[in-house]
Amino acid sequence: MKTNKFIKNILLNVTILGLFFGLSIENANAYPVFAQQNYSNPRAANGKLACANCHLNQKAIEIEAPQAVLPNSVFEITVKVPYDTTKQQIGANGKSADLNVGGILILPKGFKLAPKNQISAEIKAKNKGVFYSPYSTELDNILVVGPIAGKTHQELTFPVISPDPEKNSDVKYLTYPIYAGGNRGRGQVYPTGEKSNVNIFGANQAGEISEITTSEKGESKITIVDTSGVKTEQLVPAGLKLIVKTGQVVKSEQALNIDPNAGGFGQEESEIVLQNPIRIIGYLAFCFCVLLTQVFLILKKKQFEKVQAAELNF
């Protein structure tokens, strides 16, 4: 009995581990893991973000950040990823699905994701069900998020904490650039260079389409015969709408399907000032002195006018 119980426990643990690793491998196929696995730094020397290598279409995004922040303070940077929510994309299984969104935020060195215990209730409410994470252990100033449902998350609010130059000698009170990227929808190219099914597929050779068949998985097999009688077959993934038919003559690389891409990637940059509190106090003191001087000048002027009026009466 004890032996059977021991064997059952082993089998149960193996099953749980198998499910755990299976789920982990499946999740690894999603953005932004592709970029994290293939690029030690997601921003190239020319300023191009790694996401643009797979998301080929360009779509505009917006970035909202405070003009200046104080040391060791928590603030939010919002990346807006707008799109037409009525549009759908082709999923990996060939079926229509809502668009997902993802984002990346590159902060200056020293800035990083704010600890949970320092994030306000308002920001937590905005980010309910959304998980932001550092790009890597070495680059904790780069934050990523996604993929998440696009219909309910067209604004990505990153909670950020600023560094304290008094505690970190590498950080100075300066103006720093920040870079942001946001994508909606799936990418057109995998990091391996292969096309995804969110793409236009061209004819492998010029010739006449002799046959078009559909497999059980929904894939379209197109047979093309050239003028020499050479026959080639190619598959168009499931879910894509063909724009060619049997008997049609096509050229090499001519599009065989309608472009299914409904998304795209965009990047923007902005600036943020790490402000010294002493400078602010000095500025306020200067403003107070100017205001006080103006008040005294007005009072002195009123006094002088009274003296002049008294002299005129004599």
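Considering only region 206-227, I want to know if a residue exists there that is assigned to a loop (DSSP other than H, G, I, E, B), exposed (fewer than 13 other Cβ atoms within 10 Å of the Cβ), at positive phi and not basic (Lys, Arg). Spell out how you get there, then give the answer.
Taking region 206-227 first, the residues assigned to a loop (DSSP other than H, G, I, E, B) are 206, 215-219, 226-227.
Add one more test, that the residue is exposed (fewer than 13 other Cβ atoms within 10 Å of the Cβ), and what stays is 215-217, 227.
Subsequent filtering for residues that are at positive phi retains none.
No, region 206-227 has no match at all.
Here region 228-238 is the region considered, the condition is being exposed (fewer than 15 other Cβ atoms within 10 Å of the Cβ) and aliphatic (A, V, I, L, M), and the residue that is farthest from Ile258 (Cα to Cα) is Val230. The set of residues in region 128-143 that are surrounded by 18 or more Cβ atoms within 10 Å (Cβ to Cβ) and more than 22 Å from Gly47 (Cβ to Cβ) contains only Tyr132.
Scanning region 261-314 for residues that are more than 30 Å from Pro163 (Cβ to Cβ) and either touching a Gly at 6+ places or on another chain (Cβ under 8 Å) or outside any helix (DSSP H, G or I) (or both) turns up Asn261, Ala262, Gly263, Gly264, Phe314.
Conditions (1) among the basic types (Lys, Arg); (2) modelled with pLDDT of 90 or more; (3) touching a strand residue (DSSP E or B) at 6+ places or on another chain (Cβ under 7 Å), marked per residue:
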site: Ile243; (1), (2), (3): no, yes, yes
site: Gln267; (1), (2), (3): no, yes, yes
site: Ser270; (1), (2), (3): no, yes, yes
site: Ile278; (1), (2), (3): no, no, no
site: Gly282; (1), (2), (3): no, no, no
site: Ala285; (1), (2), (3): no, no, no
site: Ile298; (1), (2), (3): no, no, no
site: Lys302; (1), (2), (3): yes, no, no
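Taken as a whole, region 115-122 holds no residue that is within 18 Å of the chain's Cα centre (by Cα) and surrounded by 14 or more Cβ atoms within 10 Å (Cβ to Cβ).
Check Lys126, Lys116 and return the single one that is modelled with pLDDT under 90 and closer than 30 Å to Asp98 by Cβ. Walk me through it before giving the result.
Values: Lys116 fails: modelled with pLDDT under 90.
Just a single option satisfies the conditions, and that option is Lys126.
Name the single residue that is farthest from the chain's Cα centre (by Cα) among those in region 197-228 being farther than 15 Å from Lys251 by Cα and among the small types (Gly, Ala, Ser). Per the stated criteria, the residue is Ser215.
The values are calculated or read from the model by the stated rules, or taken from the named source; none is laboratory data. Computed from a predicted model, the values in this text were never measured in an experiment. FYI the Cβ positions are ideal-geometry reconstructions off the backbone, even for glycines, and counts take in every protein chain you see.
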